[in-house]
Amino acid sequence: MRPEGAEKELSLMDVLTPRQFAVTMLVSSSLTNRDIARFMGISAHTVSHHLSHIFDRVGCGNRTELTVRYVHEQDKGLYDKEEFSERLAQLRKAARSTVLKTSRQRSA
């Protein structure tokens, strides 16, 4: 239990943009930049750009450190379940949209 008046520990979800947090979730799922790019409908270069900003923002040096922090925060229960579920639903919706766009482009 935290002492009264102690500041709330900021989680990755608090510090990162929704897009950056989505990249973090996917990196933590062991996806490559290319896989993340395909999943999110962006280029692998854009994924690298997001990761560079994420590392700077949260003080992680690489994907492994980021994944360790993400998993640690999940285990500590730092993510509000409702907000986390909402972000996960947004990510899934974006993924479905990307799949539909890709399939339309292939059939055209």
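The values are calculated or read from the model by the stated rules, or taken from the named source; none is laboratory data. Everything numeric here is computed off the predicted structure, so don't read it as measured data. Every residue, glycine as well, gets a Cβ built from its backbone with ideal geometry; the counts of neighbours run over all protein chains shown.
Residue by residue, here is whether (1) on the phi > 0 side of the Ramachandran plot; (2) in contact with a Ser or Thr (Cβ under 8 Å, 6 or more places away or on another chain); (3) among the aliphatic types (A, V, I, L, M); (4) at pLDDT below 90 holds:
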{"residue": "L12", "(1), (2), (3), (4)": "no, yes, yes, no"}
{"residue": "P18", "(1), (2), (3), (4)": "no, no, no, yes"}
{"residue": "L26", "(1), (2), (3), (4)": "no, no, yes, no"}
{"residue": "G41", "(1), (2), (3), (4)": "yes, yes, no, yes"}
{"residue": "H45", "(1), (2), (3), (4)": "no, no, no, no"}
{"residue": "H53", "(1), (2), (3), (4)": "no, no, no, no"}
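Among the residues of the range 73-92, those identified as more than 12 Å from M25 (Cα to Cα) and of a type in the set (A, V, I, L, M) are L78, A89. Pairs meeting the criteria (first residue in the range 14-35 and free of Cβ contacts under 8 Å to residues at least 24 places away in the same chain, second residue surrounded by fewer than 18 Cβ atoms within 10 Å (Cβ to Cβ), beta carbons under 7 Å, at least 6 apart or on different chains) are N33/A44; N33/S48; R34/A44. Can you spot a residue in the range 36-47 that is outside any helix (DSSP H, G or I) and out of contact with any helix residue (DSSP H, G or I) (no Cβ under 7 Å at 6 or more places or on another chain)? Yes, there is a match, as at least one residue in the range 36-47 is outside any helix (DSSP H, G or I) and out of contact with any helix residue (DSSP H, G or I) (no Cβ under 7 Å at 6 or more places or on another chain). Residues that are part of a helix (DSSP H, G or I) and either hydrophobic (A, V, I, L, M, F, W, C) or surrounded by fewer than 19 Cβ atoms within 10 Å (Cβ to Cβ) (or both) within the range 15-35 comprise V15, P18, R19, Q20, F21, A22, V23, M25, L26, V27, R34, D35, listed in sequence order. One residue is enough: does the range 82-95 have a residue meeting the conditions in contact with a Ser or Thr (Cβ under 8 Å, 6 or more places away or on another chain), at pLDDT 70 or above, surrounded by 14 or more Cβ atoms within 10 Å (Cβ to Cβ) and closer than 24 Å to E9 by Cβ? Among the residues of the range 82-95, not one is in contact with a Ser or Thr (Cβ under 8 Å, 6 or more places away or on another chain), at pLDDT 70 or above, surrounded by 14 or more Cβ atoms within 10 Å (Cβ to Cβ) and closer than 24 Å to E9 by Cβ, which makes the answer no.
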